[in-house]
Amino acid sequence: MSKKIFILIAALTLFVGACDKTRQTKEKNVGDKKMQIKITSAAFEEGGMIPSKYTCDGDDVSPPLQFDGIPDGTRAIALIADDPDAPMGTWVHWVLYNLSAHTTELPENMLDDETLPDGTRQGVTDFGKTGYGGPCPPSGTHRYYFKIYALDKKIDVVIVLDKDELLKQMQGHIIAQGQLMGKYKRQ
């Protein structure tokens, strides 16, 4: 009898392990699918240095960005740019949401208005204002991530959102995403 129980326990253990491995593979595939949007800039390459024109040392204008791979079913696009290397924690440089699902690029030097003519909304950054605020690290080389999100819904709120509020609104609605990282060091 104990031999049959041992064989049964061993078989169940193998079965549970196989099911867990299948679940982990499915989760990994779902995660991989979310990183399908390619975001690039004519101003700098992935991992490259951001020209001073787009920083506090230059004109402090937003860089041009291009998107490829926005999936079907996208109702709106959001973009967050931040610096995880800031001394007091991640510093938010740009918050955009409700971009049209058909958006394939953002031009250089976008307006800082809360609501743009096409309905795009800009959230509050850690500079305490809407619109783009360029890199301005106090010391060293910092990394700046431009993260794009394809959403299955528009963000329907009256208030101006900051990064944390936008992330809460997007929770469960991100169908694809991507990122571009550039670096900057003040001279």
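The values are calculated or read from the model by the stated rules, or taken from the named source; none is laboratory data. All values derive from a computational prediction rather than experimental measurement. Heads up, the Cβs are rebuilt from the backbone with ideal geometry, glycines too, and the neighbour counts pull from every protein chain shown.
Tabulated data
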read-out: Hits in the range 67-77 - residues which are touching a residue at least 24 places away in the same chain (Cβ under 8 Å), over 23 Å from Asp113 (Cβ atoms) and in a loop (DSSP other than H, G, I, E, B); value: Gly69, Ile70, Pro71, Gly73, Thr74
read-out: Residue check, Phe67 over 18 Å from Ala176 (Cβ atoms), at pLDDT 95 or above and of a type in the set (Phe, Trp, Tyr); value: no
read-out: Test: Met181 is out of contact with any Pro (no Cβ under 9 Å at 6 or more places or on another chain) and surrounded by 19 or more Cβ atoms within 10 Å (Cβ to Cβ); value: no
read-out: So Pro117, is it at pLDDT 95 or above, of a type outside the set (Ser, Thr, Tyr) and in the same structural domain as Tyr144 (by TED's automatic domain parsing); value: no
read-out: The range 155-166, residues that are in a loop (DSSP other than H, G, I, E, B) and buried (at least 18 other Cβ atoms within 10 Å of the Cβ); value: Ile155, Leu161
read-out: Single match in Thr120, Thr125, Thr40 (criterion: under 26 Å from Asp152 (Cβ atoms) and surrounded by fewer than 21 Cβ atoms within 10 Å (Cβ to Cβ)); value: Thr40
read-out: Some residue of the range 25-35 being modelled with pLDDT of 50 or more, assigned to a strand (DSSP E or B) and surrounded by fewer than 16 Cβ atoms within 10 Å (Cβ to Cβ); value: no
read-out: Pair list, Cβ under 6 Å, 6 or more apart: the range 37-66 residue within 14 Å of Glu108 (Cβ to Cβ), other residue acidic (Asp, Glu) and assigned to a strand (DSSP E or B); value: Gln66/Glu105
read-out: Check on Val16, closer than 19 Å to Ile148 by Cβ, at pLDDT below 95 and not in a loop (DSSP other than H, G, I, E, B); value: no
read-out: Residue satisfying condition, being under 18 Å from Gly89 (Cβ atoms) and assigned by TED's automatic domain parsing to the domain that holds Ser52, within set Asp152, Asp164, Asp156; value: Asp164
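Rundown of residues vs (1) in a helix (DSSP H, G or I); (2) over 25 Å from Ala43 (Cβ atoms); (3) touching a residue at least 24 places away in the same chain (Cβ under 8 Å), yes/no style:
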site: Leu79; (1), (2), (3): no, no, yes
site: Ala86; (1), (2), (3): no, no, yes
site: Val92; (1), (2), (3): no, no, yes
site: Leu111; (1), (2), (3): no, no, no
site: Tyr144; (1), (2), (3): no, no, yes
site: Ile148; (1), (2), (3): no, no, yes
site: Lys168; (1), (2), (3): yes, yes, no
